[in-house]
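Reading through the structure tokens given below for one structure.
The values are calculated or read from the model by the stated rules, or taken from the named source; none is laboratory data. This structure is a prediction, so every number in the text was calculated from the model and none was measured. Reconstructed Cβ throughout: ideal geometry from the backbone, glycine too, with neighbour counts over all protein chains shown.
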Amino acid sequence: MTGCTRSSAGLSERRRRLLFRAWRRGTRELDLLTGRFADAVIGDLTDAEVEEFEGWCAAPDLDLYAWINGSKPVPPDYDTPLFRRLKAFNHAASAE
């Protein structure tokens, strides 16, 4: 997979921006982790979850990558049900 597989058609401007940002984090590895998750869930997230996801975009790439892959503990502010969904989603994808 090399990029976004979900159309932004029908998404609000805010969700389109978030989908774009999820696929353009700065490192290809993180793009794949956050982008594929965004493709799968962006249309179903609550407004609060969209805000949380936007917050992830402000985190440094290396830290976010380490939290997702489990090489660093997730800080309490990020250890939320949605972040755990992101981790589980990527763990399941890597097991395929």
Test set (1) surrounded by 12 or more Cβ atoms within 10 Å (Cβ to Cβ); (2) of a type outside the set (Asp, Glu); (3) in a loop (DSSP other than H, G, I, E, B) - PRO76 fails condition number: (1)
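Please state which one of ASP39, ASP63 is of a type in the set (D, E, K, R), assigned to a helix (DSSP H, G or I) and at pLDDT below 95. Outline the logic, then answer.
Numbers: ASP63 fails: at pLDDT below 95.
So the residue among ASP39, ASP63 that is of a type in the set (D, E, K, R), assigned to a helix (DSSP H, G or I) and at pLDDT below 95 is ASP39.
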Hey, can you tell me all the residues within segment 41-96 that are within 17 Å of GLY26 (Cβ to Cβ) and either among the β-branched types (Val, Ile, Thr) or touching a strand residue (DSSP E or B) at 6+ places or on another chain (Cβ under 6 Å) (or both)? ILE68
Check off (1) surrounded by 16 or more Cβ atoms within 10 Å (Cβ to Cβ); (2) more than 20 Å from TRP23 (Cβ to Cβ) for GLU49 and give me the number that stays unchecked. (2)
Examine segment 45-60 for a residue that is in contact (Cβ under 8 Å) with a residue 12 or more places away in the chain, under 28 Å from GLU13 (Cβ atoms), among the charged types (D, E, K, R) and touching a Cys at 6+ places or on another chain (Cβ under 9 Å), and state whether such a residue exists. no
